[in-house]
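Take a look at the structure below.
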Amino acid sequence: MTVLTRPDLDAPLSTVMREGSQAEHAAAEGSSFMAELLAGRVNEAGYAAYLLRLRQVYVAIEETVHAHAHDPAVAAVLDTDLERLAAIDADLEHWAPGGARTVDSAAATAYADRVRAGAAWAPLLVAHHYTRYLGDLSGGQAIGRILSRAFDLEAGAGTAFYAFPAIPKPKPYKDAYRARLDALDLTVEEKQRVVDEVRVAFDLNQALFRELGADLASYRR
């Protein structure tokens, strides 16, 4: 049974978001598909299936964020240097050249729908932005290195998703991003809504991994 972490809601928003979602974060990272991916045991088809699901999610995030760029909460985090859609398409051309760019995925559709629903109150959309992009700049970097080693890739081949050429130093960038979150003027109740949405975001990621895990036998190298 998952034990919810109770954050101090008087703490800065970024601290509340991190501390309040630790259990869900750990559960997503501990999925069988992610464990195999981190061990370098997912084949080309499995990794392409993962990217196709992420593509649907990032289309939703990037379209919705741009559509609400006027909102102060969205403006605080909006940065085209973070965007991943073009990188995903480049990687799909490596892993599945000429293949489909859409996938029939209930988990990805549910995730994308939830992201778009967050536009009803922009800090909820920011919760999804934070969960994906700061994850890409953090633990996601390890996946890029693992893929490069496991498949003996030429520099940059098939791993554009993990490359942020305009952000050469992720740590100061992430620190500045968190500072902008902390500057948002939210009440204690609003902070709770945001941390609850971060939890949902991690649960939606876990659902993606469960869906991929159902086909893990065919995705193992």
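Please treat every number below as a calculation from the coordinates, not as lab data. Worth saying up front: this structure is predicted, and the values here are computed from it rather than measured. Counting neighbours? That spans all protein chains shown, and the Cβs are built from the backbone with ideal geometry, glycine included.
Among HIS25, HIS129, HIS68, the ranking by other beta carbons within 10 Å of each residue's beta carbon, starting with the fewest, stands as HIS68, HIS25, HIS129. Amide H contacts of VAL42: ARG221, each under 5 Å away and 5 or more positions distant or on a separate chain (H built 1.01 Å from N in the peptide plane; Pro and chain starts excluded).
With contributions of -39500 (n - 2.57) from each DSSP H run of at least four residues, the per-residue ellipticity at 222 nm computed over the chain stands at -20000 deg cm²/dmol. Listed from fewest to most Cβ neighbours within 10 Å, the set ILE61, ILE167 follows the order ILE167, ILE61. Couplings for the range 73-89, taken from phi via the Karplus curve 6.51 cos²θ - 1.76 cosθ + 1.60 with θ = phi - 60°, read 5, 5, 4, 5, 10, 4, 7, 5, 5, 7, 4, 10, 4, 4, 5, 4, 4 Hz in order; Gly and Pro are left as x. Quote the FRET efficiency, to the nearest 0.05, computed for GLN192 versus ARG220 with a Förster distance R0 of 25 Å and r equal to the Cβ-Cβ distance. Rounded to the nearest 0.05, the efficiency is 0.05.
Given Cβ point charges of +1 (Lys, Arg) and -1 (Asp, Glu) and nothing else, what value in debye, to the nearest 20, does the dipole of the range 66-191 about its Cα centre take? Dipole about the Cα centre, nearest 20: 300 debye. In plain terms, the residue of HIS66, HIS128 with the fewest other Cβ atoms within 10 Å comes first and the most crowded comes last, giving HIS66, HIS128. The string of couplings for the range 190-205 from the Karplus curve (6.51, -1.76, 1.60, θ = phi - 60°) is 5, 4, 4, 4, 5, 5, 4, 6, 4, 4, 4, 4, 5, 5, 5, 5 Hz, one whole number per residue in order, with x for Gly and Pro. Express in whole angstrom the spacing between the alpha-carbon centres of the range 185-221 and the range 96-144. Measuring centre to centre over Cα atoms gives 9 Å.
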